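In what follows, a structure is listed as structure tokens, so that the remarks can point back to it.
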Ligand code: SF4
């Protein structure tokens with residue numbers, strides 16, 4: 001049961017967003033007091049949200065984590081998306097000192113050797129840059145969908161991220177693959193060419209493979225690990241505990 005003010009505010013916001021379309025959901029969040037940041041991985045869901053932010057001119061910052069290990073196709077799509085919509089996508093990179101320290105301890109590709117080493121790499125290349133991308137934000141918009149994996153089956157439209165001290169908004173939570181594909185075609189939204197080559201979920205190049213027919217969408221991510229709930233830590237609450245929190249204005253909580 002919700003008891004923290006942030007949880008109460010998130011629950012109310014989730015109910016408010018439920019009956020709206022995507023642009024309506026984004027408009028509501030953008031109208032709230034406090035900065036809204038959308039972090040895009042350039043996946044198909046994220047392209048749908050970026051297009052909606054740009055065409056609706058919603059006051060939402062668009063950022064991406066340039067890990068240094070992305071596919072060339074993904075990097076090219078950042079530029080193409082900026083050109084298509086006339087927007088700026090803020091790029092957040094890992095610190096070179098952190099990469100050097102990681103390589104000295106685990107080896108540059110040490111993430112294949114253990115879950116600990118993999119989490120350490122995601123920490124350096126994703127979580128620390130994410131903390132910078134979300135600095136000062138009250139609302140963090142993501143492309144999470146319930147259909148992406150069993151782990152995400154209960155994704156609400158808005159949820160409290162107590163570790164980061166903000167509300168996470170998932171405006172595509174109830175979208176199916178079919179609805180998304182039809183929307184992308186109708187709106188002519190640029191997407192990563194890798195999707196057509198069997199990559200429904202695309203992360204860093206060394207940690208993503210194509211999936212076989214019938215496999216779950218995220219089966220190609222960190223495929224060598226056995227944990228069914230494997231994630232990079234971006235959307236796992238405990239992973240944020242070491243990250244500086246951002247204050248949420250009281251007026252945002254009350255809305
Ligand atoms: S997905 Fe792989 S390469 Fe990318 S940050 Fe995580 S472990 Fe490192």
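List of remarks:
- Packing, taken as the mean count of other beta carbons within 10 Å per residue, orders the peptides 211-224, 152-165, 42-55 from highest to lowest as 42-55, 152-165, 211-224.
- Share antiparallel - DSSP beta bridges, the chain, percent rounded to 5: 30 percent
- Rg over Rh [alpha-carbon atoms, Kirkwood Rh] for the stretch 64-185: 1.00
- The simple spin-label model puts a point 7 Å past each Cα toward its Cβ; for residue 8 and residue 205 those points are separated by 5.0 nm.
- Length gained on full extension, residue 87 to residue 75, computed as 0.36 nm times the residue gap minus the Cα-Cα distance: 2.8 nm.
- By the helix-only formula, in which each DSSP H run with n ≥ 4 contributes -39500 (n - 2.57) and the sum is divided by residues, the chain has a 222 nm mean residue ellipticity of -10500 deg cm²/dmol.
- Its alpha carbons give the stretch 169-229 an Rg and a Dmax of 13.1, 38 Å.
- For the chain, the direction-averaged projected area of the alpha-carbon convex hull comes to 13.2 nm².
- Surface/4 estimate of mean projected area, convex hull on alpha-carbon atoms of the stretch 40-122, nm²: 6.3 nm²
- Calculated SAXS-style log₁₀ I(q)/I(0) at q = 0.27 Å⁻¹ - the stretch 106-151, Debye, Cα scatterers: -0.90
- Residue 101/residue 135 FRET efficiency (R0 30 Å; Cβ-Cβ; nearest 0.05): 0.85
- Alpha-carbon centroid distance for the pair the stretch 121-139 / the stretch 1-66, whole angstrom: 17 Å
- Remark: relative contact order (the chain) = 26 percent; criterion is Cα-Cα distance under 8 angstrom and separation of 6 or more residues.
- Between residue 55 and residue 33, residue separation times 0.36 nm minus the direct Cα-Cα distance comes to 5.8 nm.
- Under the simplified labelling scheme, the residue 163-residue 112 pair shows an inter-label distance of 2.8 nm, with each label point 7 Å from Cα along Cα→Cβ.
Laboratory data are not the source of any read-out in this text; all were calculated from the coordinates shown. What you see is a predicted model; the values in this text were computed from it and never measured. Note that each Cβ is placed from the backbone with ideal geometry, even for glycine, and that neighbours are counted across all protein chains shown.
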